[in-house]
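A short write-up of the structure that comes next.
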Amino acid sequence: MNSFSNRCIALFTLSLAFILSPALAAANISTPSPLPDKLRICADPNNLPYSNKDQQGFENKIAEQLGEYWGLDVEYVWFPQRMGFIRNTLKNWSDDNGRFACDLVIGVPSQFDIAATTKPYYRSSYSIIFKKDGPLGSAVTQQDVATLPDSVKTSLNIAAFAPSPAVTWLRDNGFKSNTSFFRIMNGDGEDYPGKMVNRVADGEFDMLVIWGPIAGYFAKFHPDLAVISMVSEGNNVFDFPMSMGVRYGERPWKETVEMAMDANAPQIAMILNDYGVPVVEASSKPFGGDDDD
């Protein structure tokens, strides 16, 4: 709903204000000023390389950069990035505080549909990670992996998360029967996908297909691991743009965030590089932009 429609509704219902519900009242006063009094970030307390309570993730560092740019203190609202994350953070209105719990999610898919998204600030892809001295040690591209002899393929112990584009690729290339699939989200707040990389380093799995930022970050701690960024193949899309998330209808705040993203683009790129995030060019067809009203 655009701002003009909001004004019309407000005028139309002015004489009936005494019957408005608290939820509607909150909706009418919820839009923040372009620059709030603090930079309130919605984040996961245990999800490296993105964020944690010790503020060691790259999204923490990006938040610090934006806070410094705006001259604002950074404040976090922590909630596991599982089902209900946006509802309990970005959309969590408090009558006592007269505001929402937090105002910005540093990393969401650009095609996210439960929050408005800024323009993308990086693109990454699913990655294949394996030991350099293992049976995949000579592989350089995903085609090298896909064209391995069947005798090698069937000997591998593979891990992947489902649902993900990796499922189709593994099935189409003869790996599905010897792949263990794991849920990307579960009810354990102490668990996070990055732990799976350590299981490859420990030799439990020969190969793992996982989202690139996770692979790149944890591989930095294991020099014996190799990472291949996957390239989209026809309808199998492996690379995706990432944006920041705000509430629908808060266009002034969204534009303020995007201006800060532009002004701090070199610093953000340096942070991503420091954390080993594979930043790739688009190899898939572009999609339509986000409409936040």
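How long is the gain from ASP274 to THR141 if the chain were fully straight, where each residue apart is worth 0.36 nm and the alpha carbon distance is subtracted?
Residue separation times 0.36 nm, minus the Cα-Cα distance, leaves 45.6 nm.
If R0 is 41 Å, what FRET efficiency do you get for ALA265 and LYS176 from their C-beta distance, rounded to 0.05?
Numbers: r = 40 Å, r/R0 = 0.98.
The calculated FRET efficiency here is 0.55.
May I ask which residue of PRO120, GLY194, GLY216 lies farthest towards the positive end of the charge dipole of the stretch 113-225, with charges of +1 (Lys, Arg) and -1 (Asp, Glu) on Cβ and the Cα centre as origin?
Checked the options; the winner is PRO120.
Eight or more residues apart or on different chains, and alpha-carbon atoms under 25 Å: count the Lys pairs in the stretch 55-188 matching that.
On the way: LYS61/LYS91; LYS61/LYS119; LYS91/LYS119; LYS131/LYS153; LYS131/LYS176; LYS132/LYS153; LYS132/LYS176; LYS153/LYS176.
Qualifying lysine pairs in the stretch 55-188: 8.
Write down the accessible area per residue of the stretch 66-224 in Å², having rolled a 1.4 Å probe over the full set of protein chains.
On the way: 7480 Å² over 159 residues.
Accessible area per residue, the stretch 66-224: 47 Å².
With a ≥ b ≥ c taken as the square roots of the eigenvalues of the C-alpha gyration tensor of the stretch 214-280, please select rounded if a/c is under 1.5 and otherwise prolate if a/b is larger than b/c or oblate if it is not?
Details: a/c = 2.98, a/b = 1.60, b/c = 1.87.
Judged from the Cα gyration tensor, the stretch 214-280 comes out oblate (a/c at least 1.5, b/c at or above a/b).
Relative to the Cα centre, what is the charge dipole magnitude of the stretch 237-276, using +1 at the beta carbon of each Lys and Arg, -1 at the beta carbon of each Asp and Glu, and rounding to the nearest 20 debye?
160 debye
Return the carbon/sulfur percentage of the accessible area of the stretch 52-148, one whole number, probe 1.4 Å, all protein chains in place.
Values: 2020 of 4560 Å².
For the stretch 52-148, the apolar C and S fraction of the accessible surface comes to 44 percent.
Karplus couplings for the stretch 263-276 from phi (6.51 cos²θ - 1.76 cosθ + 1.60, θ = phi - 60°), rounded to Hz, Gly and Pro as x?
5, 10, 4, x, 5, 5, 4, 5, 4, 4, 5, 4, 8, x
The values are calculated or read from the model by the stated rules, or taken from the named source; none is laboratory data. Note that the structure is a prediction, hence the values are computed from the model and not measured. In this analysis, Cβ positions are derived from the backbone assuming ideal geometry, glycine residues included, and neighbour counts consider all displayed protein chains. Just so you know, the surface numbers come from the protein's heavy atoms only, side chains and all, with ligands and any DNA or RNA stripped out. Shrake-Rupley method; radii C 1.70, N 1.55, O 1.52, S 1.80 Å.
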